[in-house]
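Undergrad: One structure, pasted below without further comment.
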Amino acid sequence: MKRILSYVLALVLAAAGSVQAQNPTPGQARPSGPPPSAIGEVLGTVVDTADKAPVPRASITVRNKADSVLVTGAYTGPDGGFRVQGLRPGAYYLRAVSIGFKPKNYTFEITDAAPRANVGSVPLTRIAITLQSVQVAGERPLVVIEPDRNTYRAKDIAPAASNASDVLQATPSVEVDADGKVSLRGNENVAVQINGRPTPIRGTQLAAYLKQIPANIVERIEVVPNPSAKYDPEGMAGIINIVLKANTDLGLSGGLNTGFATASRFNAGTNLGYQQGALTLFGTYGYNADDRGIVGINDRERYDPTGAPMSFTNQDILGRNNNAGHNVSTNIDYKLTEKDVISNAFSVNKRHSNDGALAGYLELDANQGFLDRYVMDRNTKSKGLVFDNSLSWKRTIEPRKHELSAEVRFNRAKDDDDMLLWREPKNPDGTSSGPAVEGERDVTDAVTRQITGQLDYTRPLAAKTKLETGLKETVRLLDRDFFVTKDDLGDGNWVTSSLSNKFNFDERVHAGYGVLSQSVGKFDLQAGLRAEFSNRTFDLASSQSYPYKYHSLFPSGVIMYKPGEQSQIKVSYSRRIRRPGTQELNPFPVFFDQQNVFIGNPRLNPEYTDALELGFSKSGQLGSIQLSPFYRHTTDVIRVDINTADVIDGREVTSVSFQNLDKADSWGTDLNGNLRMGPKFNAFAGFNLFKMVTDGGSQSALSSNAVTWSYRVNATSSITPTVTLQANYFYRAPVNIEKGRFSAMQMTNLTLRKKLDGDNMSVAVRFQDPFNTMRFRIVAGDDNLTQTTARRFGVRGTFVTFQWNYGKAPKIRPPREEPAQPAPVFP
């Protein structure tokens, strides 16, 4: 039946196309009603509100205003233009309709003195609809290129992903390392947002959190490399926005997603939505468990002043890392009036992990002769609990043009870590030479609270001018206790260590912004300014306090030119900030293994980046291509300072501290393209090349001058109408850093997916890192010492994934009638 309906629809479209082809006037719509019987006429142009592009084949109907009786109508031409003739004097209303858009109504009059009514530009707003009776097969683009962002649909780039972290891993320009940390164009200082809201957690906590969000509720990924002043300025590399499915339609609908590689590598997610009248409910639940083996080395070679070797430490690491957690979210929307909606979004994330490692140490002299042998046994247990609630209100006077919204958000995150460390002496042959000694237990208890209040207002100032303004207040509070006890002899006598510490961190940001947008012919112009007053206080238990206050201005601007409907050229500028994290500010030493320690700097300044980016994009029948050269200039750049000859707590260690350098410059280009060759093959590829130069200034020996590049290929082939094969490959070339060098990194994923019931059910097999190439290696040091660190993170695995959409299928929601607006009449 569906096939017959498809044939009927194709014949109707072909017939309509032939009628349009007979129209002798380009761009003028052929009337669908009777021939002219009077001299009155109405004309105008139907455009898309998003990009001002014309909407061809839109239906135009004209009815009497008094009794709503249909008088006549027309279809718009290729340029969106229409002209309806044959109207007698009287009052009418005009209705513009097109599939995928919200209808628009206008009122107008025809008189003997003014027989011609010009309604000008008729903007239509896009809406999402689902056709139930007729299915039309069409090719949707793999990437949507917009003036300020690129958007990728999750199910296109990662059809069998387990969680949000897996989806990001397949997104162009985005990198996710083996620990789950996210970077953009090789820069980890990127702001990650969920549904347009900044995530309140960072670092390893954020990496773990993203793994608890099930992939089946991720709608799309938006990559914003150069945001305007409207957005929070955090994130030097830009913004990655994870848009979750939060809308449902009439009735009941839902979905289920499960996947497993082994009994200890498992994920499951489900979502349920219901909409009736003014109320919309949507909820999700996700569970993820990931158990990986870790192997690696951490070798050190020491030198005397002449450069000759003094001693060697060979460290072999064998460990296991287990992460698991639950994620629950709910969203409630209630329409107070036709224009007012109140919403509440609530989520809770509970996670835990066990990280155990057995590190074997072999100490050698300058001639590789045996000195000592021992084993360090480390076991770390972590758990976290995050609550997040957001209450918002929005009044929509005209969608995306005239809106007022307010939001209050509260977030609380509690993180607990418990690490137990023992040293076990060994004989030269590896056998035990005595009981475990030098016991150490590190317990961390941290609570973070964040309160955010925001007010945004958007309104048109003229026909092609829009103003966006807003205020935002953010308060972030962190209480952290770090308690260290030691049992040096292994006899059960635990003593509090001087490494114990506690601190309170208070950061407040007061911000206001204004963004003005203007269209002039084929140009779209935007200018914005954000002003912030910030203060932070870092208080230690020893009564030491490090207050810091600063003002910041963040200008932004965009100039976009569209020479044609399928091409655009733009230049954009923005200023971004990186505020130091609490780990970088904490002056107390924190060991992350026996020989490496972090020491923060509470006097760090924030770093600022001025970013300039060009953009050239071209779309065609076979796909699109985008070239984006960029330049970034950073002042007060925060970099690590490695001391290979430090002594802390009686240990010879390599310490990693932080300091502000003078400046850093980076420039390069992104090249992204996607190819559509019908239903059989789709692909996109991305290439990134950049050079980074760091100048530490006259008081610092830290500097670098490095060129690196990376590329990504994602290809999808439909072997049969129900079987799809997808391959994803990523490679990043080696790169030099201050006092070190990262080795190359590469990753491959293969997915074979079978549809079982159309789009309602599918099963997939995903081969993650099948060639076992995912690894990490860094060589760092100075004239005193060279340290080589390498890891394999056990990413490799074969996942079987099952997806099922259940419940009542969403229906088409009838667009609400929009009040008719008087149209301007031009002679």
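Undergrad: Using the Karplus curve 6.51 cos²θ - 1.76 cosθ + 1.60 with θ = phi - 60°, what ³J(HN,Hα) values do you get for each residue of the stretch 444-452, in whole Hz, with x for Gly and Pro?
TA: 10, 10, 10, 10, 10, 10, 9, 10, 10
Undergrad: Another one. Return the lysines within reach of residue 691: Cα separation strictly under 16 angstrom, same-chain partners fewer than 8 residues apart disregarded; answer none if there are no such residues.
TA: Here the lysines satisfying the reach criterion relative to residue 691 are 663.
Undergrad: Follow-up question, since we're still on this one. Rounded to two decimals, what is Rg over Rh for the stretch 295-420 when you use alpha-carbon atoms and the Kirkwood radius?
TA: My calculation of the ratio gives 1.38.
Undergrad: Keeping the other protein chains in place, figure out the carbon and sulfur percent of the accessible area of the chain, with a 1.4 Å probe.
TA: Solvent-exposed carbon and sulfur of the chain make up 58 percent of the total.
Undergrad: Name the residue from 465, 101, 554 whose Cα lies farthest towards the positive end of the charge dipole of the chain, charges +1 on Cβ of Lys and Arg and -1 on Cβ of Asp and Glu.
TA: Farthest along the dipole direction, towards plus: 101.
Undergrad: Right, another one. Could you run the Karplus curve 6.51 cos²θ - 1.76 cosθ + 1.60 with θ = phi - 60° over the stretch 774-788 and give me ³J(HN,Hα) per residue in whole Hz, x for Gly and Pro?
TA: 6, 8, 10, 8, 9, 10, 9, x, 8, 5, 8, 7, 10, 10, 10
Undergrad: Right, something else. Among the aspartates and glutamates, which fall within straight-line cross-link reach of residue 680, defined as a Cα-Cα distance under 19 Å, with same-chain neighbours fewer than 8 residues apart omitted?
TA: 139, 156, 759
Undergrad: Now for a different question. Can you tell me how the chain classifies by the Cα gyration tensor, rounded, prolate or oblate, using a/c under 1.5 as the rounded cut?
TA: Here the chain falls in the prolate category.
Undergrad: Taking amide H positions as placed in the peptide plane 1.01 Å from N, state which residues far from residue 402 in sequence (5 or more) or on other chains have amide H under 5 Å from it.
TA: Close amide H contacts, sequence-distant or interchain: 397.
Undergrad: If you don't mind, another one. Return one whole number: the accessible area per residue of the stretch 532-615 in Å², for a 1.4 Å probe.
TA: Accessible surface, normalised per residue, equals 40 Å².
Undergrad: What order do 419, 761 take when sorted by accessible area (1.4 Å probe), most exposed first?
TA: Per-residue accessible area, sorted high to low, gives 761, 419.
Undergrad: How much accessible area per residue does the stretch 289-442 have, counting only protein heavy atoms and a probe of 1.4 Å, in square angstrom?
TA: Here the per-residue accessible area is 50 Å².
Undergrad: Could I ask something else about it? So, in Å, what gap is there between the alpha-carbon centers of the stretch 492-556 and the stretch 269-347?
TA: First find each Cα centre; the distance between them is then 24 Å.
Undergrad: To the nearest 20 Debye, how big is the dipole of the chain about its Cα centre, given +1 on the beta carbon of each Lys and Arg and -1 on that of each Asp and Glu?
TA: The calculated dipole for the chain is roughly 3960 debye.
Undergrad: Okay, next question. Based solely on its DSSP helices, what 222 nm [θ] is calculated for the chain when runs of n ≥ 4 H residues each add -39,500 (n - 2.57) and the sum is averaged over all residues, nearest 500 deg cm²/dmol?
TA: Mean residue ellipticity at 222 nm (helix-derived): -1500 deg cm²/dmol.
Undergrad: Quote the FRET efficiency, to the nearest 0.05, computed for residue 776 versus residue 713 with a Förster distance R0 of 22 Å and r equal to the Cβ-Cβ distance.
TA: Efficiency, from the Cβ-Cβ distance: 0.50.
Undergrad: What distance in nm lies between label points placed 7 Å from Cα along the C-beta direction at residue 761 and residue 188?
TA: Here the modelled spin labels are 4.4 nm apart.
Undergrad: What does the charge count near residue 377 come to, summing +1 for each Lys or Arg and -1 for each Asp or Glu among other residues with Cβ under 10 Å from its Cβ?
TA: +1
Undergrad: Something else now. In the stretch 453-579, if the dipole is taken from +1 on Lys/Arg beta carbons and -1 on Asp/Glu beta carbons about the Cα centre, which of 499, 528, 478 is farthest to the positive end?
TA: Value computed over the given set: 528.
Undergrad: Next up: Would you please give the residues with an amide H less than 5 Å from that of residue 238, counting only those at least 5 places away or on a separate chain, with H modeled from the backbone geometry?
TA: HN-HN under 5 Å from residue 238: 191.
Undergrad: Moving on to the next point. Can you work out the Karplus-derived ³J(HN,Hα) for every residue in the stretch 616-627? Use 6.51 cos²θ - 1.76 cosθ + 1.60 with θ = phi - 60°, whole Hz, and x for glycine or proline.
TA: Whole-Hz 3J(HN,Hα) from phi for the stretch 616-627: 10, 9, 9, 10, x, 5, 9, x, 8, 9, 9, 10.
Undergrad: Let me ask something additional. Taking the Cα centre of the chain as the origin and placing charges on Cβ (Lys, Arg +1; Asp, Glu -1), which of 748, 386, 172 is farthest toward the positive end of the dipole?
TA: 172
Undergrad: Follow-up question, since we're still on this one. Assigning unit charges at the beta carbon (Lys, Arg +1; Asp, Glu -1) and nothing else, what dipole magnitude in debye, to the nearest 20, does the stretch 432-483 show about its Cα centre?
TA: Here the size comes out at about 700 debye.
Undergrad: On to the next question. Lysine pairs in the stretch 454-554 with Cα distance under 24 Å, only those 8 or more apart or on different chains: how many are there?
TA: Number of lysine pairs found: 5.
Undergrad: Moving on. Looking only at chymotrypsin sites (Phe, Trp or Tyr not before Pro) in DSSP loops with at most 15 other Cβ atoms within 10 Å, what is the longest site-free stretch of the chain?
TA: That gives 1-493 as the longest site-free run.
Undergrad: I've got another one for you. List the lysines whose Cα sits under 21 Å from the Cα of residue 211, skipping any in the same chain fewer than 8 residues away.
TA: Partners found: 155, 181, 245, 350, 381, 383, 414.
Undergrad: Hey, can you grab everything whose amide H is under 5 Å from the amide H of residue 497? Only 5+ residues off in sequence or another chain; H modelled, so Pro and N-termini drop out.
TA: Here 484, 485, 486 satisfy the definition.
Undergrad: Let me ask another. Could you order 551, 510 so the one with the most accessible surface comes first? Probe is 1.4 Å.
TA: Sorted descending by solvent-accessible area, the residues read 551, 510.
The values are calculated or read from the model by the stated rules, or taken from the named source; none is laboratory data. Note that this is a predicted model, so its numbers are computed, not measured. Positions of Cβ are generated from backbone atoms using ideal geometry, with glycine treated the same way; all protein chains shown enter the neighbour counts. Calculation scope for accessible area: heavy atoms of the full protein, side chains included, ligands and nucleic acids excluded. Shrake-Rupley method; radii C 1.70, N 1.55, O 1.52, S 1.80 Å.
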